[in-house]
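The values are calculated or read from the model by the stated rules, or taken from the named source; none is laboratory data. Nothing here was measured: the structure is a model prediction, and the numbers come from that model. Quick reminder, even Gly has a Cβ in these numbers, built from the backbone with ideal geometry, and neighbours come from all protein chains shown. Heavy atoms of the whole protein, side chains included, go into the accessibility calculation; ligands, DNA and RNA do not. Shrake-Rupley method; radii C 1.70, N 1.55, O 1.52, S 1.80 Å.
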Amino acid sequence: MIINHPLLGPRDANEFVHLGDESLIDRPDGMADDAANKFHNYMYLRDNPAGKYRELWYHDAGDRSWLVVTRDTLTHEIFDVELARDVARARGRSK
Amino acid sequence: MARLSSLSPLNGYQKSIGSINLCEINDYSLVSLAIPQDTTKKFAKIIKDEFDLAMPTSVMSKTDKKTRLLMTQPDQIFSIIPRVDNPEEDLSKTIGKAAYMTDQTDAWVVLEISGATSRTALERICQVDLDSNMFKLNAMARTTMEHMATIIIRTDVNTFLLMSASSSAKSFLHAVELSAKHIS
């Protein structure tokens, strides 16, 4: 599988480590009243769709960037690759 | 008081295998420069003033005869400069105002591979497309060779610098040497 890195171009998937659902970017506020419930959802609940899925990948053997990869879990077709940093900043994160 | 200096990881290794020349490069100092958030423009200006070089990109290094700059990841630059005892101290007066510096000289081993068939030897262990139309002069990539993290830089048509961790220098040399032997 080839991942089209937004900065580096096409790279073999074995340079990357797969982490999981991109919702891990949205870490809940640990001080909120319902923090326990939100952290339970954050840690354990996943949709696991058969089809398009947005996942976090880490370029471990490359530039050490975190990516959000939109992949079809049935065919492994990759539709989009974004820097996780850009995704987080678009959601209002400062870093 | 005696002055101690470290040995290079491969002790100045040099060998010809068929038409391939392999040698360790150890006359450099390597300093990692981490750019604080939102100060890239300031850093680029200081780099220009200090080295007279533009900012490297994630796929292309910048070099003059003495210095080579690599962008190893977003907001991190490696500067490879002629060897000095304390590169952090030397750079702190200028670049130190715009980046967090770490002397990484002893953490890396640098091999130079050259010769007409160098690319053929590398093709066996490197996943990056090294065709000269794709991987041009001064192009760089962080990748793996035989599961070891590697930075590869093209310095001439058939010459490449290979950087890997000094802790696994001998394993890395073995991988490159073996590949050269297999095509010779």
message = Can you tell me which of (1) within 13 Å of chain A (Cβ to nearest Cβ); (2) assigned to a strand (DSSP E or B) is the one B:SER79 doesn't meet?
response = (1)
query = Taking the range A:65-95 as the search range and keeping residues that are more than 14 Å from every other protein chain (Cβ to nearest Cβ) and part of a loop (DSSP other than H, G, I, E, B), which one is surrounded by the fewest Cβ atoms within 10 Å (Cβ to Cβ)?
reply = A:GLY92
remark   = Of B:ALA139, B:ALA116, B:ALA169, the only residue that is more than 14 Å from chain A (Cβ to nearest Cβ) and open to solvent by less than 40 Å² (accessible area, probe 1.4 Å) is B:ALA169
query = For the range B:95-112, which residues satisfy the criterion of being part of a strand (DSSP E or B) and among the aliphatic types (A, V, I, L, M)?
reply = B:MET101, B:VAL109, B:VAL110, B:LEU111
ask   = In the range B:40-74, which residue that is at pLDDT below 90 and within 21 Å of A:ARG85 (Cβ to Cβ) is surrounded by the most Cβ atoms within 10 Å (Cβ to Cβ)?
value = B:GLN73
inquiry  = Against the conditions (1) farther than 17 Å from A:TYR58 by Cβ; (2) surrounded by fewer than 15 Cβ atoms within 10 Å (Cβ to Cβ), where does A:ARG27 fall short? Just the number, please.
reply    = (1)
ask   = Mind checking whether some residue in the range B:149-162 is within 18 Å of the chain's Cα centre (by Cα), at pLDDT below 95, surrounded by fewer than 19 Cβ atoms within 10 Å (Cβ to Cβ) and within 14 Å of chain A (Cβ to nearest Cβ)?
value = yes
Filtered residues of the range B:1-39 (kept if under 22 Å from B:LYS181 (Cα atoms), open to solvent by 40 Å² or more (accessible area, probe 1.4 Å) and of a type in the set (Ser, Thr, Tyr)) = B:SER16, B:SER19
task = Might you let me know whether the range B:34-45 holds any residue that is of a type in the set (Gly, Ala, Ser), under 22 Å from B:THR67 (Cβ atoms) and either part of a strand (DSSP E or B) or in contact with a strand residue (DSSP E or B) (Cβ under 6 Å, 6 or more places away or on another chain) (or both)?
result = yes
key: Qualifying residues in the range B:102-113 (those that are among the hydrophobic types (A, V, I, L, M, F, W, C) and farther than 25 Å from A:GLY9 by Cβ) - the one surrounded by the most Cβ atoms within 10 Å (Cβ to Cβ)   = B:VAL109
request  = Collect the residues in the range B:1-31 that are outside any loop (DSSP other than H, G, I, E, B) and small (Gly, Ala, Ser), keeping them in residue-number order.
outcome  = B:SER16, B:SER29
query = B:GLU89 is checked against (1) out of contact with any Pro (no Cβ under 9 Å at 6 or more places or on another chain); (2) within 14 Å of chain A (Cβ to nearest Cβ); (3) open to solvent by 30 Å² or more (accessible area, probe 1.4 Å) and fails just one. What number does that condition carry?
reply = (2)
